[in-house]
Amino acid sequence: MIPHTSQKDVPVTQLRQFGWLMAGVFGIITFWPLVFRGEDIRIWASIIAGVFGVLGLVFPNGLKPVYRGWMIFGEKIGWVNSRILLGLVFYGLLTPIGLIMVLLGKRPLQLQFDPTVDTYRVPKETRAANHVLKAF
């Protein structure tokens, strides 16, 4: 679980994992041109990977300000992404499904008011007591 950015103490193990993760990501960035295009490695990325790796291994508390900044950035991006993704799902998937159902006359919830009925309960057929003993 990722701690909230207002949390004061970050465990050393989490800082160490963050340092190694960032070292790995920048290590991939370092060797990407060499492996996939036959070009020279990226020196700037190897330096950053080395700094993160050494700090993660030797002095993980030195990563605390970078970690906090990264978590604040991650929370902001997560907030924006969740709104964008939920908006896309709602307007791109659920709204067209609802419009198609309205055009086809489907009303799965049966929300129309009928003053002639005593109850809206739909009786179901009772099952045998042992129906859950063999689920598969």
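From the backbone phi of the range 37-52, what are the Karplus-calculated ³J(HN,Hα) couplings (6.51 cos²θ - 1.76 cosθ + 1.60, θ = phi - 60°) in whole Hz, Gly and Pro given as x?
10, x, 8, 5, 6, 8, 5, 4, 6, 5, 5, 5, 4, x, 5, 4
What is the distance, in nm, between label points placed 7 Å from the Cα along the Cα-to-Cβ direction at LEU99 and at SER46?
Roughly 5.5 nm, to one decimal.
Quick one: angle between helix 95-104 and the longest Cα principal axis of the chain, in degrees between 0 and 90, rounded to 10, please.
The two axes meet at around 20 degrees.
Mind listing the phi-derived Karplus ³J(HN,Hα) values for the range 108-119, rounded to whole Hz, using 6.51, -1.76 and 1.60 with θ = phi - 60°, and x for any glycine or proline?
x, 8, 6, 8, 6, 7, 10, x, 8, 9, 7, 8
Which angle from 0 to 90°, rounded to the nearest 10, does the C-alpha axis of helix 64-89 make with the longest principal axis of the chain?
30
Quick one: compute the contact order of the chain, relative version, from alpha carbon pairs under 8 angstrom and 6+ residues apart, as a percent. Intermediate values should be presented prior to the final figure.
On the way: 72 pairs, mean separation 28.6, N = 136.
That works out to 21 percent.
Heavy atoms only, probe 1.4 Å: what % of the accessible area of the chain goes to carbon and sulfur, would you let me know? Don't jump to the answer; show the numbers that get you there.
Working: 7940 of 11450 Å².
Of all accessible area on the chain, carbon and sulfur atoms account for 69 percent.
Applying the Karplus parametrisation 6.51 cos²θ - 1.76 cosθ + 1.60 with θ = phi - 60° to the phi angles of the range 9-25, what ³J(HN,Hα) value in whole Hz is obtained for each residue in order, glycine and proline being reported as x?
Each residue's phi maps through the Karplus curve to give 9, 9, x, 4, 4, 5, 5, 5, 5, 4, x, 5, 4, 5, 5, x, 5 Hz.
Probe of 1.4 angstrom, ligands and nucleic acids ignored: what's the accessible area per residue over the range 57-111, in square angstrom? Walk me through the numbers on the way to the answer.
Working: 4570 Å² over 55 residues.
Per-residue accessible area for the range 57-111 comes out at 83 Å².
Could you give the nm distance between label points at ARG83 and ASP114, where each point is 7 Å from its Cα heading toward the beta carbon?
4.4
Quick check on packing: order 117-129, 60-72 by the mean number of other C-beta atoms within 10 Å, highest mean leading.
Values: 117-129: 6.7, 60-72: 15.4.
Those peptides, ordered most packed to least, come out 60-72, 117-129.
The values are calculated or read from the model by the stated rules, or taken from the named source; none is laboratory data. In this text the structure is predicted, and so the values were computed from the model without any measurement. Positions of Cβ are backbone-derived with ideal geometry, glycine not excepted, and every protein chain shown enters the neighbour counts. We work out accessible area using only protein heavy atoms, side chains counted, and drop any ligands, DNA or RNA first. Shrake-Rupley method; radii C 1.70, N 1.55, O 1.52, S 1.80 Å.
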